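Please treat every number below as a calculation from the coordinates, not as lab data. Since we're looking at a predicted model, the values are computed, not measured. Cβ coordinates were reconstructed from backbone atoms using ideal geometry, including for glycine residues, and neighbour counts include every protein chain displayed.
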Amino acid sequence: MAQVFFPRALAALIAGLPKVAECQAATVQELIATLDQRWPGVSMCLCATSADLRPHINVYVDGARATLATPVQATSVVRVLTAVSGG
Amino acid sequence: MSRVLLLVGTKKGAFVLEDDGSRTNWHLRGPFCDTWPIYHMMFDDATQTLYASGGNPWFGPGVWRSDDLGNTWSHSNAGLTYGEGGPPITTMWHLTAAHGALYAGADPAGLFRSMDQGQTWTHVEGLRAHPSRPSWNPGGGGLCLHSIVAHPTDPARLWVAISAVGTFASDDAGETWTTRNQGVRAEFQPERYPEYGQCVHKLLLAADGEQLYQQNHCGVYRSADAGASWEEITTGLPSDFGFPLALHPRDPNTLYVVPLNGADKGRFVPDGRMAVWRSTNRGDDWAPLTEGLPAQDAYLGVLREGMAVDTLDPAGIYVGTSTGQVFGSADEGASWQQLCTNLPPIWSVETALLEG
């Protein structure tokens, strides 16, 4: 199963969300939907619409910047990062 | 003994200023809500619950809730969406509790209702179904629904106000809406008195449940007919521009505003002198309240949610500035003291009254 690393701020926001989780999914979109089943609110926090990540959320799959359509392998490392933002 | 909590929403989190019963000694707690930008806070007397609304640049909109007067908070965004094909919501701007429901206003503008104390939300679709919606354009503060006014006794009656769009009313609990902008100027539109497109900055209902007041981008107004028509009451104020508005908790004829020098002049208090202006006759006459407020070199701004009253007698008036100062008056504005100096930019001030 893919390993998913969450940012500290998201883990603090959603009850029970660990900093690292394992998940099986074919794409980033499917991965987020699966995670949302386990920890409701994940999808709302990461996705602006069903087709887009939020503008300041970056997802990397095996080191490459991903979109919701990016494939995920069983051995993938998925990192969810908060972009440089704020003031 | 009654104690006042000042609920202060800032660019970098929620804060609570807690009174010791004197309204002169205050203790600051916070920041709360994971230092999210907090646009509004409120206390629901019926459930003794604190709420805070905001939006985070990473995770989008959210409403925070505390059942222990701010010591611990939980967050929810469940249902805060316009659904497939709708625009993403960035921020929850304003909260109002009434008749067992909790309402929240969003940016881009829309109305949400929660019947489970903010755990889940349902879009009140009638407002965005209004035929004017394709023409709604954001102002400088965004396309925010910043005022939600519930009638005190009739749950079916609601008013909302949207920046750069105007005021709407519903008589059927939000199913259908009509514009309520007749008599309100819109100097930045090709037509001076359009049906909608006015930039209302704050809308409130007086203690009698009948008279509406609004501070607008273009003046201050009153309405005695539920917003069907508006009468301008700007004469006597130093400017027609300002953001906040506060109403006396018992006297429907007394209101407070903080005029700023002008939309295109820096948007701070005129001449660097801080003043809250009060009318005791529905806006026929105005007088500045300045005792204890900075009298020179004070280029302060106050945003639309930045003024509140408590319900004690005499009423307390509180003002938070966009540069982090909180001023308070325990005598209905006759004299003021600075309660807090170095907060982040203040976006909202509300009060809660605790008994015992």
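Based on Cα contacts under 8 Å between residues 6+ apart, the range B:22-101 shows a relative contact order of 27 percent.
With neighbours defined as other Cβ atoms within 10 Å of a residue's Cβ, the residues B:168, B:327, A:5 order from fewest to most as A:5, B:327, B:168.
Each of B:299, B:221 was scored by other Cβ atoms within 10 Å of its Cβ. Listed from fewest to most, they are B:299, B:221. Specify whether the C-alpha gyration tensor of the range B:223-295 places it in the rounded, prolate or oblate class, a ≥ b ≥ c being the square roots of the eigenvalues: rounded for a/c under 1.5, otherwise prolate if a/b is larger than b/c and oblate if not. The shape class here is oblate.
Neighbours of residue B:296 by Cβ distance under 15 Å: Lys/Arg scored +1, Asp/Glu scored -1, total -2. Taken over the alpha carbons of chain A as equal point scatterers, the Debye sum produces base-10 log I(q)/I(0) values at 0.16, 0.22 Å⁻¹ of -0.54, -1.08. Each label point was placed 7 Å from the Cα along the Cα-to-Cβ direction; for residue B:171 and residue B:187 their separation is 3.5 nm. From the alpha carbon centroid of the range B:208-272 to that of the range B:67-133 is 27 Å. Looking at the range B:228-356, what % of its DSSP beta bridges pair antiparallel, to the nearest 5? Once the DSSP bridges in the range B:228-356 are tallied, antiparallel ones form about 95 percent. Using a cutoff of 8 angstrom between alpha carbon atoms and counting only pairs six or more residues apart, the relative contact order for chain B works out to 13 percent.
Classify chain B: rounded, prolate or oblate, from the alpha-carbon gyration tensor (a ≥ b ≥ c, eigenvalue square roots; a/c under 1.5 rounded; otherwise prolate if a/b is larger than b/c)? Cα axes put chain B in the rounded bin. By the compact-protein rule of thumb, 2.2 N^0.38 Å, the alpha-carbon radius of gyration of the protein assembly as shown corresponds to a ratio of 1.01.
Close amide H partners of residue A:27, meaning residues 5 or more places away or on another chain with modelled amide H under 5 Å apart, are A:72. Take every Cα pair under 8 Å in chain A that's 6+ residues apart, average their separations, divide by the length, and report that relative contact order as a whole percent. Once normalised by length, the contact order is 36 percent. Peptide A:3-10 shows a mean partner chain C-beta count of 1 within 10 Å per residue C-beta. Legend: mean number of C-beta atoms from other chains within 10 angstrom of residue C-beta atoms, peptide A:72-85, equals 1.
Can you classify the range B:1-132 as rounded, prolate or oblate using the Cα gyration tensor, where a ≥ b ≥ c are the square roots of its eigenvalues, rounded means a/c under 1.5, and otherwise it's prolate if a/b beats b/c and oblate if not? Since a/c reaches 1.5 and a/b is larger than b/c, the shape of the range B:1-132 is classed as prolate.
When the Gaussian network model of chain B links Cα atoms closer than 10 Å, the mean-square fluctuations of B:180, B:278, B:250 top out at B:250.
Based on the convex hull around the alpha carbon atoms, the range B:153-302 presents an average projected area of 8.9 nm².
Ignoring everything except DSSP H segments at least 4 long, calculate the 222 nm mean residue ellipticity for the protein assembly as shown; use -39,500 (n - 2.57) per segment, divide by total residues, nearest 500.
Taken over the protein assembly as shown, the calculation gives -1500 deg cm²/dmol.
Would you please give the FRET efficiency between residue A:49 and residue A:9, computed as 1/(1 + (r/R0)^6) with r the Cβ-Cβ distance and R0 = 25 Å, to the nearest 0.05? Plugging the Cβ-Cβ distance into 1/(1 + (r/R0)^6) gives 0.75.
Each of B:307, A:44 has some number of other Cβ atoms within 10 Å of its Cβ, and from fewest to most they run A:44, B:307. Convex hull of alpha carbon positions in the range B:239-356: directionally averaged projected area 7.3 nm².
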